[in-house]
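The structure under discussion appears below in the form of structure tokens.
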Amino acid sequence: FYKSVSKEFDEPAAWTHFAAEGDVEFRAVLFTPSTLPFELRQDMFNNAGRNLKLYVKRVFISEKFEEFVPRWLCFLRGVIDSEDLPLNVSREILQQSRVLRVITKRVIRKALDMFADIANREDKP
């Protein structure tokens, strides 16, 4: 799945799958590449390097969506599927959306947990 989502040929360094329930419901699969993706080798600040795919109710919405993670997490790859966003979603709606802010916070938290797991795995002999 990682290879088809990220268009990479190697295995991911780590991955996490989680579902968030409560006031906002969504499911996400996040991958940390084992090497720096090609797009980011050319230009670290290029938006083409961002590759989190947004789905709403299992309908594909956008592949290059910048607002999900900050620039320092642009190397993450994955899929986010939300049940709470409207299907006719636009950038203006998402910029003002409370649902998007909650999703962003949880995705960042899970990414940091994934990095901590990588660090712990490398610390063990």
* Criterion violated by H17 - all others in (1) surrounded by fewer than 14 Cβ atoms within 10 Å (Cβ to Cβ); (2) modelled with pLDDT under 75; (3) under 16 Å from the mean Cα position of the chain (by Cα) satisfied -> (2)
* Asked: Of all residues in segment 49-62, which are of a type outside the set (S, T, N, Q), over 10 Å from the mean Cα position of the chain (by Cα) and either over 18 Å from W15 (Cβ atoms) or at pLDDT below 80 (or both)?
  -> G49, V56, K57, R58, V59, F60, I61
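For every residue, the table says whether it meets (1) modelled with pLDDT under 80; (2) open to solvent by 30 Å² or more (accessible area, probe 1.4 Å).
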site: L73; (1), (2): no, no
site: L76; (1), (2): no, no
site: S82; (1), (2): no, no
site: R91; (1), (2): yes, yes
site: L94; (1), (2): yes, no
site: R101; (1), (2): no, yes
site: K110; (1), (2): no, yes
site: R121; (1), (2): no, yes
site: P125; (1), (2): yes, yes
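The values are calculated or read from the model by the stated rules, or taken from the named source; none is laboratory data. For clarity, every value in this text was computed on a predicted model and none was experimentally measured. With ideal geometry, Cβ positions are generated from the backbone for all residues, glycine too; neighbour counts draw on all protein chains shown. The area values use the complete protein model at the heavy-atom level, side chains included, leaving out ligands, DNA and RNA. Shrake-Rupley method; radii C 1.70, N 1.55, O 1.52, S 1.80 Å.
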